[in-house]
1. Hey, can you tell me all the residues within the range 638-654 that are in contact with a strand residue (DSSP E or B) (Cβ under 9 Å, 6 or more places away or on another chain) and either under 28 Å from residue 513 (Cβ atoms) or modelled with pLDDT under 95 (or both)?
2. Pull out all pairs, ordered by first then second residue, where Cβ-Cβ is under 6 Å, the residues are six or more apart or on different chains, the first lies in the range 65-88 and is assigned by TED's automatic domain parsing to the domain that holds residue 106 and touching a residue at least 60 places away in the same chain (Cβ under 8 Å), and the second is assigned to a strand (DSSP E or B) and surrounded by fewer than 21 Cβ atoms within 10 Å (Cβ to Cβ).
3. Please state which one of 610, 641, 629, 599 is in a loop (DSSP other than H, G, I, E, B) and not assigned by TED's automatic domain parsing to the domain that holds residue 510.
4. Against the conditions (1) surrounded by fewer than 20 Cβ atoms within 10 Å (Cβ to Cβ); (2) touching a strand residue (DSSP E or B) at 6+ places or on another chain (Cβ under 6 Å), where does residue 91 fall short? Just the number, please.
5. Within the bounds of the range 552-562, is there any residue that is closer than 30 Å to residue 462 by Cβ and touching a strand residue (DSSP E or B) at 6+ places or on another chain (Cβ under 7 Å)?
6. Applying the selection to the range 465-507, what residues are within 30 Å of residue 641 (Cα to Cα), free of Cβ contacts under 8 Å to residues at least 40 places away in the same chain and outside any strand (DSSP E or B)?
7. Check whether at least one residue in the range 245-263 is within 20 Å of residue 202 (Cα to Cα), surrounded by fewer than 21 Cβ atoms within 10 Å (Cβ to Cβ) and free of Cβ contacts under 8 Å to residues at least 40 places away in the same chain, and report yes or no.
8. If you check 554, 514, 497, 558, which single one turns out to be farther than 30 Å from residue 415 by Cβ and not assigned by TED's automatic domain parsing to the domain that holds residue 633?
């Protein structure tokens, strides 16, 4: 199937030299443009990762950060991948083209195609040849490509009728032993072959490898093969010489992937939604030093991402572990896991919920890891607050033998204060960090704003003054104006430092009821403060009278005179607003008192004009009056304050 093939000492050293020049970075996740994945291999010389996609018929190429750099297309059903010993050539089993395709890894260009029987599935280098498993149902077999002569020679049918379909293959770099495993069988059959003569000689056969084979890989020394089968729920180990059991790696339900670094470190992967996905063991270790539980990359689906079958591969220098994951939405990702053989370091930090500024407080916590930490370690501590936004270094914190620690500090600044503790890591432990925040008290200041509750005429220029009391360093105030009505946004109208009297003023042209707010953002010793004033703005309203035959100033007002047979026309002009109505009311005068004759609401046009004609039988000799008003809410909106227009006086005559 595949091999990490770090292969020659030269290739490993070259890869290591390149990587040491690259700064360490945090784990990364990048999406992959694939519909399915089958295999993954890592080229340490060119720092490239190759992922096969059978559904799209392509190989996706990424850099060590997981960024896609190229896609090799025209490979229908591409599955197994293998790198040459010098990382110069990538071999791919292209199932639906019945071919093995070779690529130059320096240029990512195709260099050769070899006919490989019916549906090749896997490729592996061993004994100086490239071996491949091929064959459809009932016709599984093993073939090889010999590169030793002037022309490559393909030889098919080298294993009789042992395999139902093409087997999964792997071998240690430079080894003469080839391991094959049955795909889709229960129990899983394993076979070991001596290929030193160029012809495979079966040396061992076993059916003890569980069921539902997902992956297998031979250890770099060629002594063992680690098998990931859906069951049992651990990764089995067998000797390559006779395929007898040789231990196991604890994992969990549904093992589906295994990758072994050149130094012997093992990454055991499972298809598990609720357990860690990958368990990392150092060479020769019996307890995992690191576990990875992949989070969900797609928030629209439930459950975390799961590791793909055969989805693990190491960088040849062991600095990174690459993992392919997918979710129920069909989103595939490449995860780049930094320093995977270093045990994770967890740091808990507990600070008080609240504290008083300028008074001592205690911060405590614990450092823990799956691998025992060295004695006498120290943590770096920083305090981040309003005056030290980049963090202020505190004295190093010593950790006790039981992993606990505590220290005291006196915060000079109020507000949110965060304490961050970090461990730099060591040869066996990854760096770790933890933090907690405390709300430190701040003094209260005074902030006032004038004019609250006042009502002004339409378009009045009104001066608003905010007054700020005592503060520490910040003397800046913002003034915001929020006119009523959903079509107007809250807007910053003035921002600046208060004058020597503590005042900041702004003049607003009021055309709507408005909420004016003054804001003080606070500083290191004084808490934020805001205060609001809500003021009213009237509408502009006037009523014009027409169709009268004369006017006369009498009884203290100008009266409009109408013939009994004439219907007066009253034209109201009011500040326009969508769906606004004006209220028109009538009164008559009798025996020294004005009496109500009724009122009614009339819609205003888009220009704010309403024309009303008074019809019916008109009584002569009575003094009458009319006015138009805007009534907050009743007139159809609430953006202005109630406003009454001037009375217009009229009388009917014979």
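1. Listed by number, the residues that qualify are 639, 640, 641, 642, 643, 644, 645, 646, 647, 648, 654.
2. 65/28; 66/28; 66/30
3. 641
4. (1)
5. no
6. 486, 487, 488, 489, 490
7. Within the range 245-263, one or more residues are within 20 Å of residue 202 (Cα to Cα), surrounded by fewer than 21 Cβ atoms within 10 Å (Cβ to Cβ) and free of Cβ contacts under 8 Å to residues at least 40 places away in the same chain.
8. The match here is 514.
The values are calculated or read from the model by the stated rules, or taken from the named source; none is laboratory data. Everything numeric in this text was worked out from a predicted model, so none of it was measured. Please note: Cβ atoms are built from the backbone with ideal geometry, for glycine as well, and neighbour counts cover all protein chains shown.
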